[in-house]
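What follows is a single structure, written as structure tokens, with notes after it.
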Amino acid sequence: MSGKSKIEICANSVESAVKAQEGGAYRVELCAGIPEGGTTPSFGEMRMARQLLQETKLHVIIRPRGGDFLYSQLEQEIMLHDIKVARQLGADGVVFGCLTAEGNVDIPAMKKLMNAVGDMNVTFHRAFDMCRDPKEALEQIIELGCTRILTSGLEPNAVTGIPMLKELVEQADGRIIIMPGCGVNPSNILQIAEETGATEFHFSGRSSYESDMIYRNPKVSMGGTVKIEEYRKDVTDPAIVKEAVAVLAQKDENDAIIEMKLKEKMGKSRKKKNEFDDDDDDLD
């Protein structure tokens, strides 16, 4: 998509990543384990996504498990290996976040991971929404060198989090990108954009499809304690992505027109002022 606004799609598969590209997404965040909030995808998923995404940027979540964001030394080593794989496969960026038991940004762990990213972009993900002090965390994440923060404004969804998102955008003041996510869709993306000042947005845009399986055993479930619909498939819907892209493109166009008119008005004002100053010179 063109313009200053950008859409990132949370892609739960390579198929979803390709559909996101078809819909005009600027970037995808490739994830596995969506019921757990997103975990690191496999080598094969990363490789195929990189091969098929020619127009859309590829970011890969680095999260070794679901649950909290307090990672052991062993888990941090796993994350380092996964970052290395993502870099070697040509990912444009990686997505991770580490916290201490007290709910602060884990600076030592983050520095260790940041040292491994090379020239890839880094998004600090929604671990941010679990921070004790978001304003302090924002400054620390900027200092670490991250490119953006994915956040719902510490609320259940981005619409509810609009007040905090607005504060974060203002505090960031262009030093880092604040990217609203969680519950974002074509019907509310304009409201979020206008009320927060954010220019990048994260959502899944998925539709659910019936499985092609004919034989089904209703007595057995593979989901364990996490209940999932095993005979339905959720895939990013390019029509939903296109709708959101169109909404933001119209906003960008309107903003550009307003900016142009303001510049013209200011130019005329300066011209009148200069003419007035010339008249004063004549009085001398």
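The values are calculated or read from the model by the stated rules, or taken from the named source; none is laboratory data. This is a predicted model, so every value here is computed, not measured. Ideal geometry is used to build each Cβ from the backbone, glycine not excepted, and the neighbour counts take in all protein chains shown.
Screening the candidates Ala11, Ala25, Ala20 for the property of being surrounded by 22 or more Cβ atoms within 10 Å (Cβ to Cβ), over 13 Å from the mean Cα position of the chain (by Cα) and in contact (Cβ under 8 Å) with a residue 60 or more places away in the chain yields one hit, Ala20. For Lys271, the test of being modelled with pLDDT of 80 or more, among the charged types (D, E, K, R) and either under 30 Å from Thr56 (Cα atoms) or surrounded by fewer than 16 Cβ atoms within 10 Å (Cβ to Cβ) (or both) is failed. Among the residues of the range 79-99, those identified as outside any strand (DSSP E or B) and either aliphatic (A, V, I, L, M) or closer than 10 Å to Val60 by Cα (or both) are Met79, Leu80, Asp82, Ile83, Val85, Ala86, Arg87, Leu89, Ala91, Asp92.
Which members of the range 75-111 meet the condition of being among the hydrophobic types (A, V, I, L, M, F, W, C), under 21 Å from Glu139 (Cβ atoms) and in contact with a strand residue (DSSP E or B) (Cβ under 6 Å, 6 or more places away or on another chain)? Listed by number, the list holds a single entry, Val95. Among the residues of the range 150-202, those that are assigned to a loop (DSSP other than H, G, I, E, B), closer than 21 Å to Ile240 by Cβ and of a type in the set (A, V, I, L, M, F, W, C) comprise Ala158, Val159, Cys182, Val184, Ala198.
Each residue in the range 100-149 was checked for being within 25 Å of Val184 (Cβ to Cβ), in a loop (DSSP other than H, G, I, E, B) and of a type in the set (Val, Ile, Thr), and 1 pass. With respect to Gln54, is the statement that it is surrounded by fewer than 21 Cβ atoms within 10 Å (Cβ to Cβ), assigned to a loop (DSSP other than H, G, I, E, B), modelled with pLDDT of 95 or more and of a type in the set (S, T, N, Q) true? In short, yes.
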